[in-house]
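Colleague: If you scroll down you'll find the structure; I have some questions about it.
The values are calculated or read from the model by the stated rules, or taken from the named source; none is laboratory data. This structure is a prediction, so every number in the text was calculated from the model and none was measured. Glycine gets a Cβ as well: all are built from the backbone with ideal geometry, and neighbour counts include every protein chain shown.
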Amino acid sequence: MKKTVTLIPGDGIGPAVSEAAVRIIDAAGAEIEWDRQIAGVTAMEAALPPLPDETLESIRRNGVALKGPLTTPVGTGFRSINVALRKEFDLYACIRPCKAYDGVRTRFPETDIVIVRENTEDLYAGIEFEKGSDEVERLRKFLADELGSPTRDESGISIKPISVFGSDRIVEAAFKYAEENGRKKVTAAHKANIMKFSDGLFLEVARQVAERHPDIEFEDRIIDNLCNQLVSRPEEYDVIVLPNLYGDIVSDLGAGMIGGLGLAPGANIGTEGAIFEATHGSAPKYKGQDKVNPTALMLSGVLMLKHLGEDEAADRMEHGIAEVIRKGDRVTYDLKPSRDDPSAVGTSEFAEAVIEEMND
Ligand code: NAD
């Protein structure tokens, strides 16, 4: 039976990479019906809000969306559509596989890690107090008078909440991913030696969750040590689970290690739905040029198909993408030895090459 998926092509380069991803998902034989919706600048140009109700209802109805990048409109009072989506669907787990395919230019060819980032808590929870505000002065007085912890004049303060509930479900998601994808080890990253009551709690809960999964190895690393080791011995790492802020940073580190933003896919998994999207943004300067690399969104499509139980089509797609990258002749500019290589192909021809590999 066909599954219906919400498709948000997105802004900037979004429509080009989405079109490429849809073409290969369809060609891989996945039984998907696309429910096309708009958001972001594209919606605003159609005199709609940046996140139209119809788009939200579609995701709610289908439970799964493939989304191109959205430009965050500046000066509209709308902070970020991505944040709004994360809140609406409680997308608490951001899963980013970072695998260096043969043929990419990277200093870290052994990299094959999966970053599982908590996405609702930590310093990104949005609990912030502006320098000079009444609230910050009341908080500073409380800290000084009640806790004996004075802060400097003219301070701004951000709060870092980490809960048992949030830690348990993200570490559980990491173990579940490991079990379902034949992975052997989960590493929890933290700074528990310094932040005992937030990162310390995350680590304590991670250890408890690990006991529920005896077949998967578990270890922990202090975040600075993890960064050092990732770039010296990447082959020692497998699934890495992190609180929000470290997860954000290590996700981009991982994207760099596998050859760049054009290659890094992502899945945002929540209690109310799942949204699959590339790590990169809408790169507005390349809009309409049929130039950029569609791999990141295509690989996000691979993750989506696995989520939907379409494993065969997912494997066929991943194989096709890997072959095109390995051969290296019909790839986009970012995968060529030089950025002005005249043999670079465009987004749509890259998709064509993947389809030919899948049919081979
Ligand atoms: P960006 O990722 O859009 O682009 C940065 C640079 O990375 C580009 O100029 C390009 O050189 C390269 N790049 C990105 N994607 C590529 C691809 N597929 N192939 C080849 N090269 C690629 O980051 P930015 O310029 O900081 O952000 C542009 C807009 O995107 C902003 O409005 C930002 O808010 C938004 N954004 C959206 C998302 C999302 O929707 N998930 C994520 C990040 C940024």
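Colleague: Which one of these is more than 24 Å from ARG107 (Cβ to Cβ) and at pLDDT below 95: GLU180, GLU204, GLU219?
Modeller: So the residue among GLU180, GLU204, GLU219 that is more than 24 Å from ARG107 (Cβ to Cβ) and at pLDDT below 95 is GLU180.
Colleague: Scan region 139-163 for residues that are free of Cβ contacts under 8 Å to residues at least 24 places away in the same chain, of a type outside the set (Val, Ile, Thr) and not in a helix (DSSP H, G or I) and report the count.
Modeller: Selection size over region 139-163: 6.
Colleague: Cβ-Cβ below 8 Å, separation at least six or inter-chain, first residue in region 26-47 and of a type in the set (S, T, N, Q), second in a loop (DSSP other than H, G, I, E, B): which pairs?
Modeller: Close Cβ pairs satisfying both conditions: GLN37/PRO52; THR42/PRO9; THR42/GLY10; THR42/ASP11.
Colleague: Looking at (1) farther than 19 Å from GLU318 by Cα; (2) away from the ligand (no atom under 12 Å from the Cβ); (3) not acidic (Asp, Glu), which is the only condition ILE8 fails?
Modeller: (2)
Colleague: Residues in region 70-90 that are modelled with pLDDT of 95 or more and crowded, with 22+ Cβ neighbours inside 10 Å: how many?
Modeller: Residues flagged as modelled with pLDDT of 95 or more and crowded, with 22+ Cβ neighbours inside 10 Å within region 70-90 amount to 0.
Colleague: Hey, another quick one. Only residues in region 114-138 that are touching a residue at least 40 places away in the same chain (Cβ under 8 Å) count as the first member; pair them with residues that are outside any strand (DSSP E or B) and of a type in the set (Asp, Glu), Cβ under 8 angstrom, at least 6 apart or cross-chain, and list the lot.
Modeller: VAL114/ASP238; ARG117/ASP248; THR120/ASP90; TYR124/ASP248
Colleague: So, one more: Which of the residues belonging to region 259-274 are assigned to a strand (DSSP E or B) and closer than 12 Å to LYS87 by Cβ?
Modeller: Listed by number, the list holds a single entry, ASN268.
Colleague: Here's something else I'd like to know. Does region 258-273 contain at least one residue that is within 10 Å of the ligand (Cβ to nearest atom), closer than 28 Å to ASP168 by Cα and in contact with a His (Cβ under 8 Å, 6 or more places away or on another chain)?
Modeller: Yes, the conditions are met somewhere in region 258-273.
Colleague: Residues that are in contact with a Gly (Cβ under 6 Å, 6 or more places away or on another chain) and closer than 29 Å to ILE321 by Cα: find the strands (runs of 3 or more DSSP E) completely inside region 1-97 holding 3 or more of those.
Modeller: In region 1-97, no matching strands (runs of 3 or more DSSP E) lie anywhere.
The rows are residues; the columns are (1) assigned to a helix (DSSP H, G or I); (2) surrounded by 13 or more Cβ atoms within 10 Å (Cβ to Cβ); (3) under 18 Å from the mean Cα position of the chain (by Cα); (4) not β-branched (Val, Ile, Thr).
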{"site": "LYS196", "(1), (2), (3), (4)": "no, no, no, yes"}
{"site": "GLU204", "(1), (2), (3), (4)": "yes, yes, no, yes"}
{"site": "ASP224", "(1), (2), (3), (4)": "yes, no, no, yes"}
{"site": "GLU235", "(1), (2), (3), (4)": "yes, no, no, yes"}
{"site": "LEU245", "(1), (2), (3), (4)": "yes, yes, yes, yes"}
{"site": "ILE249", "(1), (2), (3), (4)": "yes, yes, yes, no"}
{"site": "LEU253", "(1), (2), (3), (4)": "yes, yes, yes, yes"}
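Colleague: Out of (1) in contact (Cβ under 8 Å) with a residue 12 or more places away in the chain; (2) more than 8 Å from the ligand (Cβ to nearest atom); (3) over 14 Å from VAL5 (Cα atoms); (4) surrounded by fewer than 24 Cβ atoms within 10 Å (Cβ to Cβ), what's the single condition that is false for ALA283?
Modeller: (2)
Colleague: I'm told GLU219 meets every condition in (1) surrounded by fewer than 21 Cβ atoms within 10 Å (Cβ to Cβ); (2) in a strand (DSSP E or B); (3) touching a residue at least 40 places away in the same chain (Cβ under 8 Å) except one. Can you identify the failing condition by its number?
Modeller: (3)
Colleague: Quick one: is ASP290 at positive phi and assigned to a loop (DSSP other than H, G, I, E, B)?
Modeller: yes
Colleague: So which residues in region 20-32 are surrounded by fewer than 19 Cβ atoms within 10 Å (Cβ to Cβ) and either within 15 Å of the ligand (Cβ to nearest atom) or of a type outside the set (Lys, Arg) (or both)?
Modeller: ASP26, GLY29, GLU31, listed by residue number.
Colleague: Scan region 98-127 residue by residue and report those that are of a type in the set (D, E, K, R), surrounded by fewer than 24 Cβ atoms within 10 Å (Cβ to Cβ) and not in a strand (DSSP E or B).
Modeller: Passing the criteria: ASP102, ARG105, ARG107, GLU110, GLU121.
Colleague: Then there's this: For the subset of region 52-66 comprising residues that are within 13 Å of GLU88 (Cβ to Cβ) and crowded, with 20+ Cβ neighbours inside 10 Å, which member is nearest to the chain's Cα centre (by Cα)?
Modeller: Step by step, filter region 52-66, then rank; the result is ALA65.
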